[in-house]
Amino acid sequence: MSDKTGADAPAMVKCLVWDLDNTLWQGTLLEDAEVRLPDAIRTAVIELDSRGILQSVCSRNDHDLAWARLEELGIAEYFVLPEIGWGPKSEAVGRIAEGLNFAHRTIAFIDDQPAERAEVSYHLPDVRCYPAEEALTLTSLPEFSPAVSTVDSRRRREMYQAGFRRESERSEFDGPDQEFLRSLELVMRIDRATAEEITRVEELTLRTSQMNATGVHYSDRALRDLLADPSHEVLVTSLTDRFGPHGAVGVMLLEKHPAVWHLKLLATSCRVVSFGAGSVILSWLVSQAAAAGVHLVADFRRTDRNRMMEVAYRFAGFDEEPCACRDAVPAPHASTTGGADQGEAERLHLAAAPQPPSTTIRLIAPDLTARPAADTSVVAPA
């Protein structure tokens, strides 16, 4: 069993951090340069990667020797932000979590040494720790078994690795931040979701916490019901740049009334916050509402993680001012949230006005003022 148990269903693991000696491979590298990687461990690493679970390394070893052996074994590419050195493992695991911008409760650590697991648990109590003998059973545990599998989840590691290269270039860029963003050749697409894309949308509502306006998870069934409802728009946002695709990075659930559009959910990936993606999405929606001659009302429920989303709404001009248009928006009910409890949701209001286009992101998006059969996506210049 893992060193942490609980009565409640465990949170999904987003990153598994491996010890090396007598955990990932058999043997101690400094005593035997030919340490072996069991085929079953290789299979587990590849399987976790295919599920969209990132993996890293935290090992007391000579960095160059250990990384060279991982490369010789043909497995180095599967590990992001490796921490190989001689400091406390709790500090190394903490740096990995910080580098990924992941909450500690979504990090798992596996090591053959009880003292190392105890040290990590003491300093990082939310990190789940597992003994090495459980390595081959991890893929059968619920916390390592995402409910959905998408194209984006299967290439998540590659997207993060591209992101690290992007950030490295950003740190070396000599010029204003806006110029660097323009150099990325960012292209955002906002599309009406299709039935085939619903799993991507559900995954975003599951994984996104910092930039989720309500913290609510919409189930596959609830999302499919909304797709079939002509009064609702289910919109998915994707982003690409010259480094490659970021994948699906945003979802909006919008209910359209004659005088007001109700934004039930806005969630964006924290990976694209620094590009201003949330602001571009909100500006586009506000402009669409202005073109339709309607107000906007947005649900917002504070969580312990989504302060940045509140800032985005406030910066866009949403407030608590009274307006008769609010009367057209019904109170939240369970059927729109897949049974989730919304708790105390605020209703933020905005009298929409046209917004200027982004100067750093080229936007391709539909016209929400009509619902034509054909694609009428409009390209906005960057």
Residue by residue through region 127-157, note down the ones that are open to solvent by 50 Å² or more (accessible area, probe 1.4 Å), touching a Lys or Arg at 6+ places or on another chain (Cβ under 9 Å) and small (Gly, Ala, Ser). Ser149
Evaluation of Glu321 against (1) open to solvent by 70 Å² or more (accessible area, probe 1.4 Å); (2) out of contact with any strand residue (DSSP E or B) (no Cβ under 7 Å at 6 or more places or on another chain); (3) at pLDDT below 95; (4) within 20 Å of Ala259 (Cβ to Cβ) (one fails), failing number: (2)
Just the residues that are touching a strand residue (DSSP E or B) at 6+ places or on another chain (Cβ under 9 Å) and either buried (at least 23 other Cβ atoms within 10 Å of the Cβ) or more than 16 Å from Val13 (Cβ to Cβ) (or both), please, taken from region 114-126. Pro114, Glu116, Arg117, Ala118, Val120
Only residues in region 254-268 that are without any contact (Cβ under 8 Å) to a residue 12 or more places away in the chain and under 12 Å from Asp327 (Cβ atoms) count as the first member; pair them with residues that are open to solvent by less than 10 Å² (accessible area, probe 1.4 Å) and charged (D, E, K, R), Cβ under 6 angstrom, at least 6 apart or cross-chain, and list the lot. none
Selected residue (criterion: farthest from Phe243 (Cα to Cα)) from residues of region 132-157 that are touching a residue at least 60 places away in the same chain (Cβ under 8 Å) and charged (D, E, K, R): Glu134
So Thr376 clears everything in (1) at pLDDT 85 or above; (2) part of a loop (DSSP other than H, G, I, E, B); (3) among the β-branched types (Val, Ile, Thr) except one condition, right? Which one? (1)
Residues that are open to solvent by 30 Å² or more (accessible area, probe 1.4 Å) and in contact (Cβ under 8 Å) with a residue 40 or more places away in the chain, drawn from region 291-301: Ala291, Ala292, His295, Arg301
I'm trying to understand the selection: among the residues of region 158-185, which are outside any loop (DSSP other than H, G, I, E, B), in contact (Cβ under 8 Å) with a residue 60 or more places away in the chain and either buried (at least 16 other Cβ atoms within 10 Å of the Cβ) or more than 23 Å from the chain's Cα centre (by Cα) (or both)? Met159, Tyr160, Gln161, Ala162, Gly163, Arg166, Gln178, Leu181, Arg182
I need a count of the residues in region 222-261 that are of a type outside the set (D, E, K, R), open to solvent by less than 10 Å² (accessible area, probe 1.4 Å) and out of contact with any helix residue (DSSP H, G or I) (no Cβ under 8 Å at 6 or more places or on another chain). 1
Given the criteria part of a strand (DSSP E or B), within 30 Å of Asp304 (Cβ to Cβ) and among the hydroxyl-bearing types (Ser, Thr, Tyr), does Ser121 qualify? no
Positions within region 36-67 being in contact with a Lys or Arg (Cβ under 8 Å, 6 or more places away or on another chain) and either assigned to a helix (DSSP H, G or I) or acidic (Asp, Glu) (or both), in sequence order: Asp49, Ser50
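The values are calculated or read from the model by the stated rules, or taken from the named source; none is laboratory data. Quick caveat: nothing in here was measured; it's all calculated off a predicted structure. Heads up, the Cβs are rebuilt from the backbone with ideal geometry, glycines too, and the neighbour counts pull from every protein chain shown. Each accessible area value is taken on the protein alone, full model and side chains, heavy atoms only, with ligands, DNA and RNA left out. Shrake-Rupley method; radii C 1.70, N 1.55, O 1.52, S 1.80 Å.
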